[in-house]
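In what follows, a single structure is set out as structure tokens and then discussed.
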Amino acid sequence: MDTTTPTAEQILDAASAIVIGDGVETLRYTTLAQRLGTDVDAVRRVYPVFEDLLAALFTREAQELLHGVVDNVERDPRGGLPSRIFGYALVAVFEHPFARALYIDDPAGLNRVMRSIDGVAAVPDLTVHPELLPALQDAGMVREDADPHAVAAVISVMGSGVAMSAPGQLIDVVADGLKMLLERAVDADVDDTTPGKQIFARYAERVAVNGPRR
């Protein structure tokens, strides 16, 4: 057995593969060591506290997911509007293997992991941030007569419903439906959506908190 200490990146790559392939409940020091072809002590030298490993993993995967959404929002001429932001975010969760494995396939496992990390290490919060829609409204991206807090609550409930129903190949239809509803009831009628893009980019940077450095 190779007892060379793996890098943090190698450990996180192995952890992500385990979650995607076998489920988060199988992620342990022993399964990581087996996948890396090393011993448990070698993994522990990099991440002595397992919750720190989990936090670093969730942070890395959340950053990757959010960067993808930000890129799509930036490329879209109408990307700064709520319909585009949340439409891209919904599809991203389904298309990102790690996010899908937890948010869609095993939300109960996700909740258990998040509870175990809570108070031990900082982790990203991918729920609808209460400040995002009000900020978009202040920037003119949301209709003045729309209640941003009510809209955020509805989007959160819809997201939970999508996770429970796991529509699979119908996700594009669901995302299009969400965009249509937001376009008609929430999006402001503006020509330039750059302010909305900038707000979402800043929001994504805050959400994808930096994990423990190794």
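The values are calculated or read from the model by the stated rules, or taken from the named source; none is laboratory data. Worth saying up front: this structure is predicted, and the values here are computed from it rather than measured. Please note: Cβ atoms are built from the backbone with ideal geometry, for glycine as well, and neighbour counts cover all protein chains shown. The area values use the complete protein model at the heavy-atom level, side chains included, leaving out ligands, DNA and RNA. Shrake-Rupley method; radii C 1.70, N 1.55, O 1.52, S 1.80 Å.
Results, tabulated for the structure shown:
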| read-out | value |
| --- | --- |
| Accessible-area composition of the chain, carbon plus sulfur, in percent [1.4 Å probe] | 52 |
| Peptides 96-103, 17-24 ordered by average Cβ neighbours within 10 Å, highest first | 96-103, 17-24 |
| Simple spin-label estimate for residue 67 and residue 189 in nanometres, 7 Å along Cα-Cβ | 4.0 |
| Accessible area (Å², per residue) of the chain, counting only protein heavy atoms and a probe of 1.4 Å | 52 |
| Isotropically averaged projected area of the chain, using the convex hull of Cα atoms (one quarter of hull area), nm² | 11.9 |
| Whole-Hz couplings from phi, Karplus 6.51/-1.76/1.60, listed for the range 31-37; x for Gly and Pro | 5, 5, 4, 4, 5, 8, x |
| Helix-derived mean residue ellipticity, 222 nm - over the chain, DSSP H n ≥ 4, -39500 (n - 2.57), to 500 | -20000 deg cm²/dmol |
| ³J(HN,Hα), Karplus 6.51/-1.76/1.60, whole Hz, each residue of the range 47-58, x for Gly, Pro | 10, x, 10, 4, 5, 5, 4, 4, 5, 5, 5, 5 |
| Residues with amide H under 5 Å from that of residue 96, placed H, sequence gap 5 or more | none |
| Net charge of neighbours whose Cβ lies under 9 Å from the Cβ of residue 137, counting Lys and Arg as +1 and Asp and Glu as -1 | -1 |
| Karplus (6.51, -1.76, 1.60) ³J(HN,Hα), θ = phi - 60°, over the range 65-77, in Hz, Gly and Pro reported as x | 4, 5, 4, x, 5, 4, 4, 5, 4, 5, 6, 7, x |
